[in-house]
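Here the structure is laid out as structure tokens; the discussion comes afterwards.
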Amino acid sequence: MDYLAKLLGAVLKNVYFFTGNYGLSIIVFTIFIKILLLPLAIKQTKSMREISDINPKIKEIQEKHKKNPEKQNQEIAKLYKEKGVNPISGCLPLIIQMPILITLFWVFREPLKYGVFDSMMQMTAAKTSFLWVVSLDKPDYILAVISGISTYLMQKQTVQKDQLNGVNNIMNIIMPIMSLIWGFTLPSALTLYWSVGNIVSMIQNRFILNPKKKS
């Protein structure tokens, strides 16, 4: 993980070298990471769509065999096999992305340690104002609100209506609130990354999901 953090720090350092602005470099870097992870996002979205398509049939099986859990599980497993759907495959891309997301959290929290800047003086100068943000090293309330709203909109876009069960409903509330709290407490550089990431994800999902909806 430390090696990956240094690698991502080196990439961000090069982006900063070309842009000359730390805030702008975070935006460019975030877009680059999202494009890099796009194949995983497509795979995850495709898997979620496949499961959504067979959800009505799964509910029929659950209702038909509600008094026989063993038969219920057998029929659902048979359905997955017939349709070529792996219920776990939708989670795998997220599991693969988690180490990257955690590592990026380290890089943005301690950019000097992971090689984004060469000195404390350079880091201090770079973390000055960006747009309305006074300092990228301190929390920003406007970015925090943008982070919370963008998290809510992204989740609303990706979760299908037939998958709005209790767990998903709770997550749709908790995640935006957590994003808002993080934005109020963490350096705004991290909040900027998270907000831009949400916006890019929504744009990606619109292009990924639309062809499926038309079909």
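The values are calculated or read from the model by the stated rules, or taken from the named source; none is laboratory data. Model, not experiment: these values are computed from the prediction. Glycine also receives a Cβ, built like all others from the backbone with ideal geometry; neighbour counts cover every protein chain displayed. Only protein heavy atoms, including side chains, enter the accessible area calculation; ligands, DNA and RNA are left aside. Shrake-Rupley method; radii C 1.70, N 1.55, O 1.52, S 1.80 Å.
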Dipole moment magnitude, nearest 20 debye, the chain about Cα centre, only Lys, Arg, Asp, Glu C-beta charged
780
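Using a 1.4 Å probe, what is the accessible area per residue for the chain, in Å²?
Numbers: 12840 Å² over 215 residues.
Dividing the accessible area of the chain by its residue count gives 60 Å².
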Kyte-Doolittle at least 0.0, axis length at least 30 Å by Cα - qualifying DSSP helices, the chain:
188-214
Distance check, please: which entries in K6/K34; K59/K156; K43/K113; K43/K67; K46/K113; K34/K127 exceed 30 angstrom between their Cα atoms?
K43/K113; K43/K67; K46/K113
Restricted to Cα positions, what overall size does the chain have along the principal axes? Three whole-Å values, descending.
68, 32, 31
Residue-averaged 222 nm ellipticity for the chain, from DSSP H runs of 4+ at -39500 (n - 2.57), nearest 500
-26000 deg cm²/dmol
Could you please state how large a percent of the accessible area of the chain is carbon and sulfur, counting protein chains only and using a 1.4 Å probe?
66
At 1.4 Å probe size, what's the solvent-accessible area of M154? Round to the nearest 10 Å².
40
Along the charge dipole of the stretch 1-141, Cβ charges K/R +1 and D/E -1, which of M48, V11, I27 sits furthest on the positive end?
M48
